[in-house]
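Trainee: This is the structure, below, for whatever I ask next.
Just so it is clear, none of the values below were taken in a lab; they were calculated from the coordinates. Quick caveat, the model's predicted, so the values are computed rather than measured. Reconstructed Cβ throughout: ideal geometry from the backbone, glycine too, with neighbour counts over all protein chains shown.
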Amino acid sequence: MTAGAGTRRGRAGVRTARGVPPASGDGANLLELRGLRTHFFTRDGTVKAVDGVTFEIGNGETIGVVGESGCGKSITAMSIMRLIERPGQIVAGNVVMHGRDLLKLSDEQMRDVRGNQISMIFQEPMTSLNPVYTCGDQIAEAVQLHEGVSRRQAWSRAVEMLQQVGIPDAKRRAGEFPHQMSGGMRQRVMIAMALSTNPELLIADEPTTALDVTIQAQILELMKALRERNKMAIMLITHDLGVVAEMADQVVVMYAGKVVERSDVTTVFERPHHPYTEGLLRSIPRLGERRARLEVIRGVVPNPLNLPTGCLFKRRCPYRMPICDTAPPFQEVRPGQYSRCWLTPEHEPPTVGLSPAPEVAEEEAERLTVAPR
């Protein structure tokens, strides 16, 4: 089922991240993340799954969150929804919506936010839908829970939502079980459930995974149409840059729990700055372009229990320099474009040199780092 109908508990008491300014509550932004940190405390050590993530989602805006598997995309979404379970824990940061920090709300208040204001589509509809209830029953349950209407009204709303997402013969289909529908139909049911309470923000976690390209195109067109109709914002989590190019206004690139680049979608695709973003774009096959083999990002994502010091991408980076042993700045390389890298906006080595003293490098990183607007 969608997060809107869930009742799992989240953690209410967290501290504000050090060195991160509080969210402004600017009316132009629907949701603001500031220094969000979610760690998993295991017997082998602490996994910093989300480590200081900061970005905003504007009203009616679609933001694409991309990166390899394990980079922290889904955990960021689950942290926003406060659906992190042990051994995970949100240890720092702010998630602000309408001037309220969602991480400080009571469990009851947060249950009211889920579904009413924020809904989430999970990755795999077959495991997210309950196999022993009909699709219509599951949508109607969410409507009853959040809107307090009668059973008859909730069922009518469920049928209406199935019609909106393009399911033919919606009244009959509402009485069918998840296993009686195709993968594309189940994904449409998940979208119908998520939108049944008219949320302001839809979090879509890999909404087109395992769907063929024709059904994927239909789902993306459906989401765009519903965004325009309902005037809602979308946080789109994916590893498919083609989906991002089709859907997103802004792009957040994550690597090993951190945001490594942030900008509007046109800038990211035409003038990427971070070497990881460059690598992702070079690995995409293009029609009409003949190459002996696709380029790849060499190496593997670092073990989260044994992260390298300094730049987390340095072992795989073609531009690696000695200064990369010091954590790089999160700098504004062009207006509105932010990158966690030592390279200058012109892709030149930093002005302090390739191998400055550690204390000099740390001072330069602090000087260059900016709080994104």
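Trainee: With a ≥ b ≥ c taken as the square roots of the eigenvalues of the C-alpha gyration tensor of the range 134-186, please select rounded if a/c is under 1.5 and otherwise prolate if a/b is larger than b/c or oblate if it is not?
Mentor: Values: a/c = 2.18, a/b = 1.78, b/c = 1.22.
Prolate is the answer for the range 134-186, as a/c is 1.5 or above and a/b outweighs b/c.
Trainee: Mind checking Rg over Rh on the range 244-373, alpha carbons, Kirkwood formula for Rh? The partial results should precede the final answer.
Mentor: Values: Rg = 15.3 Å, Rh = 15.7 Å.
Reported Rg/Rh (Cα atoms, Kirkwood Rh): 0.97.
Trainee: Could you please state, rounded to a whole Å, how far the C-alpha centre of the range 324-362 is from the C-alpha centre of the range 65-128?
Mentor: 32
Trainee: Follow-up. Tell me, what is the percent relative contact order of the range 164-262, built from C-alpha pairs under 8 Å that lie six or more residues apart? The partial results should precede the final answer.
Mentor: On the way: 73 pairs, mean separation 22.7, N = 99.
Rounded, it is 23 percent for the range 164-262.
Trainee: Which whole DSSP H helices in the chain pass both tests: a Cα extent of 24 Å or more along the axis and a mean Kyte-Doolittle value no lower than -0.5? Present the calculation step by step, with values, prior to reporting the outcome.
Mentor: Working: long enough: 213-230 (25 Å, -0.06).
Passing helices, by number: 213-230.
Trainee: Based on DSSP, what percent of beta bridges with both residues in the chain are antiparallel, to the nearest 5?
Mentor: So the antiparallel bridges in the chain amount to around 65 percent.
Trainee: Here's another thing I want to ask about it. When the helices in the chain are scored as -39500 (n - 2.57) per DSSP H run of 4 or longer and the sum is shared across all residues, what 222 nm value do you end up with, to the nearest 500 deg cm²/dmol?
Mentor: On the way: 12 runs with 116 residues, N = 373.
After summing the helix terms and dividing by the residues of the chain, the value is -9000 deg cm²/dmol.
Trainee: Let me ask you something else. Return the sequence-ordered ³J(HN,Hα) values of the range 241-253 in whole Hz as given by the Karplus equation 6.51 cos²θ - 1.76 cosθ + 1.60 applied to θ = phi - 60°, using x for Gly and Pro.
Mentor: Rounded to whole hertz, the list is 5, x, 5, 4, 4, 6, 10, 8, 9, 10, 10, 10, 9.
Trainee: Among all lysine pairs in the chain that are eight or more places apart or on different chains, how many have alpha carbons less than 16 angstrom apart?
Mentor: For the chain, the number of qualifying lysine pairs is 4.
Trainee: Also: Give, to the nearest whole percent, the P(r) tail of the range 234-280 beyond 15 angstrom, counting all Cα pairs. Don't skip to the end; give the middle numbers.
Mentor: Working: 390 of 1081 pairs.
Tail fraction, whole percent: 36.
Trainee: Using the per-residue mean of other Cβ atoms lying within 10 Å as a proxy for protection, in what order, highest first, do the peptides 103-109, 324-330, 307-313 fall?
Mentor: 324-330, 307-313, 103-109
Trainee: For the range 199-265 and the range 290-316, what is the centre-to-centre distance using only Cα atoms, to the nearest Å?
Mentor: A separation of 24 Å, based on Cα centres.
Trainee: List the relative contact order of the range 255-360 as a percent without decimals, with contacts defined as Cα pairs under 8 Å and 6+ residues apart. Let's see the in-between values first.
Mentor: Values: 123 pairs, mean separation 30.7, N = 106.
Relative CO of the range 255-360 lands at 29 percent.
Trainee: Mind checking which of GLY299, GLY136, GLY183 has the largest fluctuation in a GNM of the chain, springs on alpha carbons under 10 Å?
Mentor: GLY299
Trainee: Compare the Cα positions of LEU280, GLY242, GLN216 along the charge dipole of the chain (+1 at Cβ of Lys, Arg; -1 at Cβ of Asp, Glu; about the Cα centre) and return the one farthest towards the positive end.
Mentor: Positive-end residue among those listed: GLN216.
Trainee: Continuing with this model, one more query. Dividing the Cα convex hull volume of the range 156-239 by residue count, how many Å³ per residue is that? Please report the intermediate quantities before stating the final value.
Mentor: Numbers: hull volume 7.5 nm³, N = 84.
Looking at the range 156-239, the number lands at 90 Å³ per residue.
Trainee: Something else: Using only the Cα atoms of the chain, what are the Rg and Dmax in Å?
Mentor: Calculated on Cα positions, Rg and Dmax stand at 21.5, 71 Å.
Trainee: For each cysteine in the chain, check whether another cysteine's C-beta sits under 4.7 Å from its C-beta; list those where none does.
Mentor: When partners are defined as cysteine Cβ atoms under 4.7 Å apart, the chain leaves CYS71, CYS135, CYS317, CYS341 without one.
Trainee: Also: If contacts are Cα pairs under 8 angstrom and at least 6 residues apart, what is the relative contact order of the chain in percent?
Mentor: Details: 720 pairs, mean separation 66.7, N = 373.
Relative contact order of the chain: 18 percent.
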